[in-house]
Every structure is written in C-alpha cells, then in structure tokens.
Amino acid sequence: MPKPELPKSYNPAEYESGIYAMWEKNNAFSPAGDKSKEPFSVIMPPPNANGSLHAGHAMYVVDDIATRYNRMLGRPTLWLPGVDHAGIETQVVFERELAKQDKTRFDLGKDEFYKQALQFTTDNKHTVLEQMRSLGFSADWQKLKFTLDQDIIEIVYDTFKKLNDDGLIYRGNRIVNWCPHCHSGFADIEIKYRTQIDPLYYIKYGPFVLATVRPETKFGDTAIAVHPKDERYQDYIGQEIESEGLLGKFKLKVIADDFVDPEFGTGVVKVTPAHDPNDWEMGLRHNLEVKQVIGTDGRLTAIAGKYSGMSVDEARTQVAQDLEQAGLIDHINMNYEHSIGYHDRCGTQIEPLVIEQWWLKVDKLKKLAIDAIDKNEVVFYPARFKSQALNWLEGLRDWNISRQNWFGIAIPVYYNATGDKSKPEYIIGEEKDAIEVYGKAGYEKETDTFDTWFSSSQWPFATLQSTGDFDQYYPTSLMATMRDILYLWVTRMIMLGIYKTGEVPFKTVYLWGSVNDAEGKKMSKSKGNVLDPLELTQEFGTDALRLALVIGITPGTGGSLSQEKVQGYRNFCNKLWNVARYTLSKTESISDISEILLENPADHWMSSKLNTAITKITQSIERYNYSSAGQSAYSLLWDDLADQYIEYSKTSTNPTMLAYSLDTVLRLLHPFAPFVTEAIWQQLPWRDTILISEQWPNVYLEPDGTQAKKFEKEIISILAEKQSNIDETKIVKLKKEIATKQNFESIILKKLNNDNFVANAPKEVVDQQKDLLKSTQKEIAELKDELAKTAQH
RNA sequence: GGGCAAUUAGCUCAGCUGGCUAGAGCGUUUCCUUGACGUGGAAGAGGUCACAGGUUCGAGUCCUGUAUUGCCCACCA
C-alpha cells in the first residue's frame, strides 16, 4: 500500500516551494563538482529588474536543463544570474509613476531622477527573482549581479578607457534616430518601422514641383536634388533656383545625386540634411549646409519663423494649409503609403536629428568577432544563425554608444572648460582626475549615458570578473537566449568579449524563437492571446510548464504553448507520481539497489529500454535537442515503464529492478521536471540524498537481447489472454493483422523482384529487406496458426 | 527589393547524412466505475508528406521552379 503521505494525485503546489527551499538550504546551486572535470558555465541573460516574467523568459528552462544536466555529470557548474536596469525601458516606466504624482523627470533633475529610478528598480527586483525561483531555476543566487552594480560599472569604464586609448572612440556630429519622448538618440536596430498612409504634398519650388510628406521641414532645405541622368532637369544642375516661400523668397542650389529616383514623384527632391538620413548623406557628398528646423523637444526652431515653437504635427498641418492658400501646392496624394520609424520601447515616432554623439569604431572589433565565428570558436545552434551573425557583422557601421536618457551608466568624461587649449579637450576618469587636470572649476561633466547594449555586451566577462569566477569559468559554455537579440546583444558580446579578454565570451550560442499561442500565432496584448507562464504553473505545476516549453519546440523557430499542452504534461507528472506510488508499494523493504538481478525476460526488456533511453537522452541533450530528449524520457516512463513493465510486474515482480527503473527515470527526467522528481526521490526508501546533486545515469546493466525480444512477444500473448473472452473481435483483429502483414510482404517482394534494386542498392539494404521478408513471413504463419486455434474455440 | 525559415493526420509539431509498412501529443470514435494513476486503461478512425518537374534501383528526405505563410534586413523624398 502506498504510504499515507503520497496522495492519489500529485499536487505541485504542496511540494514546490518546500523543495526549492531544500535545494537552497543544501547550497545545491553553488558550484561544486569534480575539479578535474571541465567546468560548465552559463550567464543568464538578465531580465528587466522592473518587469515580470513572460513566456520568453520562461524559456530560460533551457539554461536550467543544461545546468542541471551538467551538474549531474559532476562538472563544476555555475549558472550566474543577473538582472538588468533596462535603461530606457525603466525610464519610461518610472516616468509614468512620476506622472501619477503630477511630476516629470525635469522636476527631479538628472541626479535625483537617477537615484529614485535606481531605488525603484532595487525595490522591484524581488518580483522577477521570485518568479525565476518559482520556475525552478537553479542559478547561484548568491552571485546575483545587477547591471548597475558599482563593480560592473567600473569594468565598463575600464573597457571604455581601453577603447579610447586604442583610438576606437570618437565624438562626432551625425544624424541619429532621435526620440522626442525619451529625449535621446537610438541605434538603428532599436527602431521599428510601421507602414502608414500619409498625404504626399506636391509643392511648387520655383520652376519645379516636388513631392514630400514633410512640408514642415522645408525651412531646413539647403538644396534641391535630381538624378544626374534625368533629361528633364539637365539644364538646372549646378544652377541656383529662386522660389517664393512662406517666409519670403529663398534660393536653393540644384545638385545631381544618384540617390534620387527619377521614377518617384516628379524626380525632384528637396534636401534637408538636418532631418533625413539620406539627405544627411547627400549633404556630406555635396558639402551642404545643415539647418536644424526641429529641436530636441520635437518643436520647430527659430529658423522656422512664425512656425517656431509648434510641434512637428501642428507645423505640418499649418504649413500645408498656408502653402495651399499661397497657391504653392500643385496637388496632394492622400493615399501615400510609406513606413515610419518608431522607437521600439516607447512607441514614439522617431525624428532624425543631428546631434553630437560618442561613436565606437567597429572595424577592428567586428573583424575579431568575424574571425572567431568563422573558426567556430563560437558555435551556433541552429547552425543557420552563424551566417546571419556574419552577415550582420560584415555590414556593421560605427556604433553610437551615447544616449541622452537619464537612467543609465554615465559616460565618464570631463570636458576642458578652462579655455586653456594646451590641456586635453576631455579626459576619461573620475571627478578627482578632472580636478587634477583642469582645476576645481575648470571642467564640465558629460551628461550622456552609455547605450545599455554597450554595457550589456560586456556582461559575460564583467559578471565573472566581479564574482572572482573569471579564471575558472570564462569562456562560458553556453549562451542561450531568444533569437530577437542575436544582433542587438549576442554578436556585440562576441566583439567586446574578444576585444577585452582575448577570448570569446561563450563557446556555444543556442537561440530559441518566440513562444507562440496554440495556433502558432505570436502572442500579443492586442490579440489577447498572451499566456502568463506563472498562471500556468499555478494551475498545472512548474514541471508541466517546463516540459511544455521544451518538448515539441524546435530551436530557432517559435514553438506554441497552450493550456491544453501544459495540461497534458501535468497529466504526465501525475503519471510519474503514480508509477512512484506503485513502485513504492512494492519496494518498501528495499534499502539498496546497487545489485540487480535480471530475473526474467521482462527485466531484460526493461533494462534494455533503460539503456537505450540513457544513451539517447544523453546524446540529445549534448546536441541541444531538448525536445527529443524530453520526448524520449516521456515515452520511457509512460510507454515502457508504466504501460509494459509495471503491467507485467503485476503478475511477477522483481522489486529491485522496479526500484532501479524508477531511480533511473527520475534522474533522466530531473533536468526537465525538477520538482516532481525530487519530491519522489525524497520518498525512496533506498535513497537519502537530494536528486539535484545526484549523478546522471550511466548504462551499466547488460541485458540479453533475445530475452528482451521474448518479452515483446509475451506482452502480446498476455494482452491476448486478457481479452480472450472476446473471441470474435480477436478473430477480426487477427485477420486484419494478417492482411496488413501480407500487404507489407508484397511491398518487400516487389522491391526484391526489382532487378535494379538488387543490383544497385547497397548490400546491407538488400539483406535487410530479405531478413524483413523472412520475419514477416514467419509472423504471418504464426498469426495464421493462432487464428486457426482461436477459431476452434 | 535582399535573405532565412516553414508548408507532413482536425490542431501543434517530430521525422538527423535518401531505404517509411510516414510518427508523437492534443482532439476525435468505441469499450472499460478491477486495489499506481479516469490527470487513467484498451482498441480504432484519420495523411496521393503544398504543387509541378528532375536526379536515383528507391524521394517526406536531394536539386530546380511555382504558390502560400512567417521572420529578419534594407529602402521608401
């Protein structure tokens, strides 16, 4: 009889927190293991400290599986966790908090805002940390790092200084993606484009008509461009044209540039270098003046005369209206479709602006990364991401690493304000260094902060250096993260990692796709199909969610998650639970399973199933195919152990073998379903350890193959016996089976009668087919015998 | 516009270097209230593997093309 403390069904909520506490109490997450073995390390991609875990983060189970597996292999294993201050994201969130008190960040000022936002983040981070614990993540929480930890910042500063010393840093006026809301510039990759319909105005410019969607920028025009080969406008190239405008007459030079598409609009373009990336490039080529019409606040500047102070939207409407009245509009296309950049984080429309920024020269860095990836010092799973990473790196241009948002790591630069030109223009260092160089009042502190990706690209070595684990654990073994940030983060970590340490930051990259809904559609709030992983764990248990996230999901492509799926794995956990209940009822007196006698064909069969599963699951995990590993374990427990071996053991039991089978299955499943397996492990009379620290199973039983095969046949006869009271269906069934076998026989015969096949196919294949034919024919004969016997009754 | 991926049972997906009588889970049909589990058991139905060509003794698997879907990158005055 099962012990009273094991109820009929597994209730995860009753066990999970207790088990997690037990692991922590036993220090099970701290690196241990055999020092002579190769260490295994993973750095957690730090989730937003202010956020809440979503299905994407739940995919960190991949890290956890890898960690638990390697820990069980006895390797010194470190999973180093962290949380991210998520610069601009947090700034947006915290500003919303301030708005509730009718305040803006300007009320607080930069320093106070930083302080409060930091406090806000520190106060919030426990939520996400608890959530990760509840998912069973076995990270070494004692080593938790935060992206704004002082020691991390020091390392980032050190890298910046080294880059500067190596001549890879410069300051430059460039056109950037300016977010008027965040009040900061952003990298191209942080901008998302949406197509939308806007009016396309055809405006009269002297002798020309040209098309624009942005009439409000016309005050910043410093040229007019046509295609060099456009016959219509040859005479104008190089000339100045004069035109009537809203602010009086103006003159513009006509330039010829390949950028202009003669097919578009009228083939004439106004050039506004200050507010359009392409115009900026043209401006550089033709040495054009840059006139800023839009300020960093998203409003028109003094250049715009009576329109100054208006927001871009207001100005556009007003200018269009005034142009219309002045008869300067030829016509308007109201259905013009184009795409517009929005800031990914806050959803504000991007305003290209020219701003002085800090730039990182990437040519040398990207070469380092490209070489390493080429030589497979970093291996990608799935492999196709290798070429994607290479392509991206090859096309990479200098990186704008400065941001104007307030919640970030301050760029450690002090400018010369002494007026003394013999002193350097700026220094990198601390305030005391500035005082030393420029004197007490002779410096000005840089107000920009670093792009968060600049600091997080140093995360692997920065974290390990700050915990003192660098020597043992760098380069790390695995970087598992979502494929969306392949360019944003992964490639940049490779660049900066090699640059700073001489070695790649990780040897393997494993990328997963987005977690989709039951229909394979992307989860989104607007569709209302978002599944909260934590709700799912509450309803079905953490292990169920973990299995659902891993099984049936292919690396690199998105997988789908649904309540039904998680429920299915809840059922699986319950199955395991009941296999344990049954096993425990038969093994109460067992205190040792080190010696196992294979007594009957069933034992041989089961042990051979276990052996194959151990090999297969190990292999699959080594190849990062967690889906296949999980599926094998699933089938081992359900199809082999529960449905066959246990069913058989009801007629004849070998308790030690039964115990060993459960013991092995628990180990194999532990990385995937840590809680149930540990809960059961704690009940085993022959164990007094904790499963998380146990060894990964090895093949060591030596079953006899013919005995095992014999069992396969016995199952059939046992089942047949059980159903012998329904003879009629049995006859029908036998007949059907004979028919399918005969069908199969004819398929093989056809092949073997094909001379081409016999002549050209490899010998093994032909022999295999011959064997198959023989065994099929034998089976048919046996079935016919049985049919005859059954029919007699 | 460039690239990548996908297209296999009603749904979500496996199927590695060609040998498959094409699998799993969910759903579905019929039966089973026996002491591990009804979050269960037994049996079953369900697929010309998107389409068209090609290579091969042999193609779900390789090649070419077409169609559809998804993602990424670039450009859009």
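Observations on the structure shown:
- Per-pair calculated FRET efficiency, R0 = 30 Å: A:ASP344 and A:TYR170 via Cβ, rounded to 0.05: 0.70
- Its relative contact order, with pairs defined as Cα atoms under 8 Å and 6+ residues apart, puts chain A at 13 percent.
- Compactness of the range A:637-695 - radius of gyration and Dmax, Cα, Å: 11.9, 35
- In whole percents, the pair-distance distribution calculated for chain A from its alpha-carbon pairs, binned every 20 Å from zero, is 13, 35, 29, 16, 7, 0.
- D by Stokes-Einstein for the range A:244-370, Kirkwood Rh over Cα pairs, 25 °C, 0.890 mPa s: 140 µm²/s.
- Computed from Cα atoms, the angle from the helix A:384-394 axis to the main principal axis of chain A rounds to 20 degrees.
- Solvent exposure of chain A, expressed per residue, is 46 Å² of accessible area, with all protein chains present and a 1.4 angstrom probe.
- For the range A:37-170, the convex hull spanned by the alpha carbon atoms encloses 149 Å³ per residue.
- 5 Å-binned pair-distance histogram of the range A:130-199 (Cα, whole percent): 3, 10, 10, 11, 16, 15, 12, 11, 8, 4, 1, 0
- Normalised by residue count, the range A:76-133 yields a Cα convex hull volume of 96 Å³ per residue.
- Solvent-accessible area, 1.4 Å probe, carbon plus sulfur percent, for chain A: 48 percent
- Relative contact order (percent, whole number), the range A:47-92, Cα cutoff 8 Å, 6+ residue spacing: 58 percent
- For A:VAL268, the residues 5 or more places off, or on other chains, whose built amide H falls under 5 Å of its own are A:ALA211.
- Under conditions of 20 °C and 1.002 mPa s, the range A:403-550 yields 110 µm² s⁻¹ as its translational diffusion coefficient, taking Rh as the Kirkwood radius over Cα pairs in the Stokes-Einstein equation.
- Every pair of different Cα atoms in the range A:191-276 enters the Kirkwood calculation, which places the hydrodynamic radius at 13.5 Å.
- Rule-of-thumb Rg ratio for the range A:13-97 [Cα; 2.2 N^0.38 Å; N residues]: 1.37
- In this structure, A:THR122 and A:ASP785 have a Cβ-Cβ separation that, at R0 = 60 Å, corresponds to a calculated FRET efficiency of about 0.15.
- Rounded tilt (10° steps) of A:763-792 against the dominant C-alpha axis of chain A: 50 degrees
- Contact order normalised by residue count of the range A:588-716, Cα under 8 Å, 6+ apart, percent: 43 percent
- Exceeding the 21 Å Cα-Cα cut-off - candidates A:LYS162/A:LYS421; A:LYS100/A:LYS445; A:LYS609/A:LYS713; A:LYS521/A:LYS565; A:LYS145/A:LYS192: A:LYS162/A:LYS421; A:LYS100/A:LYS445; A:LYS145/A:LYS192
- Over the range A:318-372: Kirkwood hydrodynamic radius from C-alpha pairwise inverse distances, Å: 16.5 Å
- The range A:449-603: antiparallel DSSP beta bridges as a percent of all, rounded to 5: 10 percent
- Separation in nanometres of the label points that stand 7 Å from Cα toward Cβ, at A:VAL213 and A:TRP392: 2.6 nm
- Rg(Cα) / (2.2 N^0.38 Å) computed for the range A:284-358, rounded to two decimals: 1.33
- Pairwise centroid distance, computed over Cα atoms, of the range A:502-546 with the range A:592-618, Å: 35 Å
- When the convex hull of its Cα atoms is viewed from all sides, the range A:589-660 shows a mean projected area of 5.1 nm².
- The range A:12-55 and the range A:82-137 have their alpha-carbon centroids 24 Å apart.
- Seen against the Cα atoms of chain A and their longest principal axis, helix A:277-286 is set at about 50 degrees.
- Alpha carbon Rg of the range A:422-467, scaled by the compact-globule rule 2.2 N^0.38 Å: 1.57
- Over 23 Å [Cα-Cα, the range A:138-242], rounded percent: 64 percent
- Prolate/oblate/rounded call for the range A:367-407, Cα gyration tensor, a/c under 1.5 rounded: prolate
- Overall Cα dimensions of the range A:486-606 - principal axes, largest extent first, Å: 59, 46, 25
The values are calculated or read from the model by the stated rules, or taken from the named source; none is laboratory data. Remember, it's a predicted structure, so these values are computed and weren't measured experimentally. A quick note on method: Cβ atoms are made from the backbone with ideal geometry, for glycine too, and the neighbour counts reach across all protein chains shown. SASA here: full protein model, heavy atoms, side chains in, ligands and nucleic acids out. Shrake-Rupley method; radii C 1.70, N 1.55, O 1.52, S 1.80 Å.
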